[in-house]
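To start, the structure under review is shown below, and the notes come after it.
The values are calculated or read from the model by the stated rules, or taken from the named source; none is laboratory data. Everything numeric in this text was worked out from a predicted model, so none of it was measured. Every residue, glycine as well, gets a Cβ built from its backbone with ideal geometry; the counts of neighbours run over all protein chains shown.
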Amino acid sequence: MPQPTLFINAGGQSRRMGRPKALLPTPQGTPLIRLVVDRLSPLAEDIVIVANDPSICAAMADTSARCLPDAYTDCGPLGGLATALAQVDDWLICVGCDMPLVSAHLFGRLLQLASEVDMDRAPRWDAVVPHAHGRAQPLHALYHPRCLPAVLAQLESGRRRMDSFFAQVRVLHVDEDTIRRFDPALESFANANTEEEWSELALRITASSTTPPPPPSP
């Protein structure tokens, strides 16, 4: 199995929310970003948070997470991904800071897929991207640092879509039926961009167990 780093993308400006999404108070009284960390840290060797707001880094100062400024400002999540990829030698577990129902069980399965090799024992994939709600979910995916040159090429050409580099790397797209075997209601992909969406999501957090499930057996 890979030895992944958990990457939490917290560099957005949260314009529609009006306040940093990473610091939204959960029903448990902790910042939202901590709930994301708690759920996925059992899978990770290291934790990297890309954030431009010093208050986000301050909120995580008592943890082992490394908090880095976005090296590619005004480039959206793709710039954050490039910043994180430059820090690692193995797979990144990529999630947004506003995805509190992420599942270690699901990501454990994605990591198993990421470790596939071909007949020559060479890695088969550079990215593993699940599909949910009828579309790819590049903000909830796995990326290997082999993707970095393609990501940088897109940024240099002014392209900022998270999937803009997919044609230049080997992407395993995991279909929605497979994802539902591990997350039947697709809860992992729930996020919030407005206060109204956050109110609804907070209720779902309360209804969900906040104890991260153990990683799947190899």
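Only one of the numbered conditions (1) surrounded by fewer than 22 Cβ atoms within 10 Å (Cβ to Cβ); (2) closer than 28 Å to Pro25 by Cβ; (3) under 16 Å from the mean Cα position of the chain (by Cα) is violated by Arg109, and that is (2). Looking at the stretch 95-115, is at least one residue outside any helix (DSSP H, G or I), over 27 Å from Leu152 (Cα atoms) and basic (Lys, Arg)? No, the stretch 95-115 has no match at all.
When the stretch 132-149 is limited to residues that are part of a helix (DSSP H, G or I) and surrounded by fewer than 19 Cβ atoms within 10 Å (Cβ to Cβ), the one that is nearest to the chain's Cα centre (by Cα) turns out to be Pro145. The residues of the stretch 84-94 that are closer than 15 Å to Ile49 by Cβ and surrounded by fewer than 22 Cβ atoms within 10 Å (Cβ to Cβ), listed by number, are Ala86, Gln87, Val88. Does Asp126 qualify as being buried (at least 18 other Cβ atoms within 10 Å of the Cβ) and of a type in the set (Asp, Glu)? Here the answer is yes, as Asp126 does meet what is asked.
Residue count for the stretch 32-89 satisfying the condition of being more than 14 Å from Gly11 (Cβ to Cβ), β-branched (Val, Ile, Thr) and under 13 Å from the mean Cα position of the chain (by Cα): 3. Residues of the stretch 150-174 that are in a helix (DSSP H, G or I) and either touching a helix residue (DSSP H, G or I) at 6+ places or on another chain (Cβ under 8 Å) or in contact (Cβ under 8 Å) with a residue 24 or more places away in the chain (or both): Ala150, Val151, Leu152, Ala153, Gln154, Leu155, Phe166, Gln168. Restricting attention to the stretch 11-50, the residues that are of a type in the set (Gly, Ala, Ser), touching a helix residue (DSSP H, G or I) at 6+ places or on another chain (Cβ under 6 Å) and modelled with pLDDT of 90 or more total 1. Any residue in the stretch 68-86 that is of a type in the set (S, T, N, Q), within 22 Å of Asp163 (Cβ to Cβ) and in contact with a strand residue (DSSP E or B) (Cβ under 6 Å, 6 or more places away or on another chain)? Scanning the stretch 68-86, I find at least one residue that is of a type in the set (S, T, N, Q), within 22 Å of Asp163 (Cβ to Cβ) and in contact with a strand residue (DSSP E or B) (Cβ under 6 Å, 6 or more places away or on another chain), so the answer is yes.
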